[in-house]
Amino acid sequence: MDTGDAHEMVGRIRTALAYSRLEDLPFTWEDATAGSETEFQTAVIGPRGQVDLPRTVLESRYAKGLRRRAACGEYPAQVLAALEKVLASEPEGVWENSWVRVPVVRLSPTAREVLEEDLAADKSVPGSPRRGDGESFFVYEEGEQLLRIPVSYLLKLALAQAMDGPLRGEAHLAQRLLPHFSNDNTSPETFSFAPQSCAGGGMAVARETCLRQLLCEVLVEWAGVAMGLEERGQRVMVYTSPLPPWRQKALNAVVPDAFYRELFINPCLSGWDRGEEKKAYMHLCHETLSRSQLNTLGKLREAGLLTRNLVVLPNTSSTCLANNGIHVSLGSRVLTGALAAGLLRPQEEKWAADLVVKIVEHFLPLFVGTYSASPYRLGFADFHPETALGFLPHELDFTHLRMLWRRWKKKAKLKVFGRPITPFGPPALDRVLARIFRLRGDHVPDFRLLDYMTCLMSTESSPCLDGTLGNDERLKVELAEHGVFHAAMSTYLLYKPRLYERMGFSGFEGRFYSLFPSYGHDMAQAVELQLVVTAMAWWLVLEGRITHQMIPDAPPWESERRQAFFAAALDVPTVFVRQDSANAFLLGIIARTQGVRPSRRYSGYLRVRLPDLRRALVDFLEKEGAAVVEALGAAPILKDLRIRLEHPPARAVHRLTDLVMRRLGEENPLAVEADVFNRAAEACYREELRLATLMEGLHFLESSCQRLGLGLPDGRAVDWLVERACSALRQEGRLDMESCRLLLPALVAVAVWGADQKESRYAA
């Protein structure tokens with residue numbers, strides 16, 4: 001599309017939106033709505049002989065065959081020893097992503113009814129038979145029938161169970177929440193019970209997200225007793241943790257990929273009419289991403305990063321689906337209304353949405369490590385490009401991949417006598433080298449963004465964001481031919497357009513958030529900045545200041561703008577931009593960046609320091625987007641952003657890292673072994689951060705009840721209940737049953753924002 005066509009397209013969009021002034025702009029505070037999808041980590045605490053995960057592994061055909069073959073010398077005994085070591089019970093007996101076994105006799109009538117509905121092969125067809133794998137969810141122990149399910153489904157079943165107990169008076173409200181407990185990836189996923197207006201800023205969606213986590217905690221604590229889990233040695237925990245747990249990765253290294261999927265990929269009991277088909281789709285996703293990770297080897301060789309035949313092969317089974325983040329979606333009433341009325345056509349929505357995404361991608365380095373993070377330690381032995389770089393070979397072109405790898409190695413000080421060195425492969429040799437030459441590896445701010453395929457890179461013939469309808473489908477077909485992706489999978493993008501015809505609303509989904517240290521202090525501010533950047537991008541489009549031609553879609557230019565995002569995830573200090581880049585928008589940002597100079601190593605490139613680039617991005621928002629900032633009253637948001645950027649202790653990554661270091665009694669993450677740091681981080685998220693989040697949720701509940709006029713049935717104020725629950729958390733590290741019984745109705749009433757409060761016995 002040439003300049004004249006772009007001008008005509010902008011004119012049609014402006015007319016459809018009746019845009020003539022800033023008040024008409026999409027994604028202002030009054031226009032925007034927000035919602036979130038949260039991926040939780042789960043763990044079952046208990047002895048090895050009573051928790052489902054170790055029992056399932058040890059009683060499996062695979063383990064029995066391994067023992068038999070090892071006994072007769074057909075298979076190396078060390079493989080069996082490795083499996084036993086992974087399943088060795090720790091003192092605390094923490095089994096992440098284990099399923100649970102629930103006595104069927106303990107299920108209430110409503111829970112049984114919900115279970116039978118979800119076991120149907122097609123829930124949209126009355127009288128549908130059970131799905132083909134229906135019997136696999138039941139086991140027998142000493143004559144007792146047990147329901148064997150993942151924790152993701154336990155959450156929904158516990159809510160149904162409570163409808164015959166503490167939620168009997170709020171059953172009509174709880175019924176509305178059941179569909180929001182969906183099952184697809186390894187981890188439980190819940191999504192907002194209702195879109196939140198952004199009129200009051202980002203706090204509404206942050207509060208709702210935090211209260212949803214609190215509800216999940218209350219459900220599993222209550223179910224532990226009410227559904228007979230704890231008497232069978234199973235205590236369930238639900239919390240936020242961004243990276244796959246060490247035990248799951250260790251199991252993945254010793255069991256076949258098909259068995260791994262059997263253990264960890266969700267059976268999709270909830271959220272889908274044909275759950276068995278969705279389960280097959282999730283198996284397809286895992287197979288595709290596992291193969292895709294293996295296929296990075298060829299790209300690394302072509303990029304010159306694999307220079308010898310000795311490599312560490314990535315596992316044939318990837319744990320990337322166990323990465324957990326929070327997706328924040330913004331919707332626009334203006335856009336949705338124009339599309340619903342037929343004033344705005346789908347091709348115009350797509351043209352503008354793709355351009356907005358490309359603009360916003362330039363600003364994503366501002367978010368990484370600043371508001372959310374997933375700090376991670378890599379030891380010297382972890383610095384094999386074929387494993388450390390994750391999915392980056394599919395996300396960056398060869399040039400930027402080489403640049404990033406070289407700068408990352410330099411940052412990690414992987415040198416011996418002034419010469420760069422990477423591990424050789426044999427673990428014993430690499431450990432000796434690391435000890436002799438004090439090669440400590442690195443600490444990175446947001447490793448989840450490398451450990452998961454966060455975006456698809458366009459090809460020369462199939463650009464993903466050129467503004468044409470169906471471009472993402474064409475790209476997926478081509479990538480499938482190269483073994484990178486599958487055409488049936490959903491498109492992966494850092495900032496994903498949510499189109500009206502598919503979603504029923506028009507907006508964008510931010511998929512770049514990992515772990516928030518605090519919902520109120522971090523998530524709320526991140527959502528506000530996301531909205532400001534989105535509104536500013538729409539303003540640039542509607543004013544005709546930025547067109548698709550200014551941000552080309554060819555892979556080198558797409559990679560050029562995204563390299564800073566991944567550099568921020570690694571805390572690599574410099575990126576490189578071509579002096580004659582075809583990305584005019586990026587060059588405009590570089591022009592206001594301090595300290596830029598021609599690269600001495602890469603001819604024709606500019607060397608750009610990441611901290612200076614971040615400052616330039618804020619300058620752009622404040623100056624070039626001054627009209628939008630003023631109209632939105634966004635100056636305090638940018639002031640908070642500058643404080644975070646200029647004072648590292650204010651950033652999410654530093655606060656999460658400090659939490660881990662306090663647990664270890666150290667100050668520098670590089671002073672401890674990588675495995676020690678990473679396992680301490682998992683424990684911190686499960687204990688210290690989980691408790692802090694629950695306390696935050698309880699205080700959100702108190703303020704929400706006050707605003708909605710909700711009280712306890714016996715006339716007591718909710719603040720009494722909140723203080724009781726907080727006291728239990730401080731003393732026992734968990735909620736007591738009486739607090740759970742009282743919290744459930746209050747949480748459900750608040751979850752629907754008091755829509756039925758006149759019918760609720762909790763109405764004051």
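The values are calculated or read from the model by the stated rules, or taken from the named source; none is laboratory data. On a predicted model such as this, the values are computed, not experimentally measured, just so you know. Note that each Cβ is placed from the backbone with ideal geometry, even for glycine, and that neighbours are counted across all protein chains shown.
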Enumeration of residues in the range 525-551 that are surrounded by 23 or more Cβ atoms within 10 Å (Cβ to Cβ) and of a type in the set (Gly, Ala, Ser): 526, 535, 537
Options 490, 506, 559, 518; residue that is among the polar types (S, T, N, Q) and in contact with a His (Cβ under 6 Å, 6 or more places away or on another chain): 559
Pick out the one residue from 170, 231, 217 that is of a type in the set (Asp, Glu), closer than 28 Å to residue 687 by Cβ and buried (at least 23 other Cβ atoms within 10 Å of the Cβ). 217
Quick check, is residue 466 among the charged types (D, E, K, R) and over 14 Å from residue 395 (Cα atoms)? yes
Which residue pairs have Cβ atoms closer than 6 Å, lie 6 or more positions apart in sequence or on different chains, and pair a first residue in the range 627-656 that is closer than 30 Å to residue 669 by Cβ with a second residue that is modelled with pLDDT of 95 or more and among the hydroxyl-bearing types (Ser, Thr, Tyr)? 644/370; 651/370; 652/371; 652/372
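Checking the conditions here, which among 66, 53, 83 is within 26 Å of the chain's Cα centre (by Cα), part of a helix (DSSP H, G or I) and more than 30 Å from residue 19 (Cβ to Cβ)? Talk me through it step by step, then tell me what you get.
Values: 66 fails: within 26 Å of the chain's Cα centre (by Cα); 83 fails: within 26 Å of the chain's Cα centre (by Cα).
Testing whether each residue is within 26 Å of the chain's Cα centre (by Cα), part of a helix (DSSP H, G or I) and more than 30 Å from residue 19 (Cβ to Cβ) leaves just 53.
Can you pull out the helices (runs of 4 or more DSSP H) entirely within the range 377-444 that have at least 3 residues that are on the phi > 0 side of the Ramachandran plot?
none
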Conditions first: (1) touching a helix residue (DSSP H, G or I) at 6+ places or on another chain (Cβ under 6 Å); (2) at pLDDT 95 or above; (3) within 24 Å of residue 724 (Cα to Cα). Residue 170 passes all but one, so which condition is the exception? (2)
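Just to be sure before I move on: is residue 386 assigned by TED's automatic domain parsing to the domain that holds residue 553 and surrounded by fewer than 23 Cβ atoms within 10 Å (Cβ to Cβ) in the structure I sent?
Yes: the conditions hold for residue 386.
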So for the range 483-495 (the condition being part of a strand (DSSP E or B) and in contact (Cβ under 8 Å) with a residue 24 or more places away in the chain), does at least one residue qualify? yes
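Which fully enclosed helices (runs of 4 or more DSSP H) of the range 637-725 have 3 or more residues being basic (Lys, Arg) and more than 17 Å from residue 743 (Cα to Cα)?
Values: elements: 652-664, 674-684, 690-708.
In the range 637-725, the matching helices (runs of 4 or more DSSP H) lie at 652-664.
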What residue, among those in the range 523-582 that are among the polar types (S, T, N, Q) and in a helix (DSSP H, G or I), is farthest from residue 617 (Cα to Cα)? 549
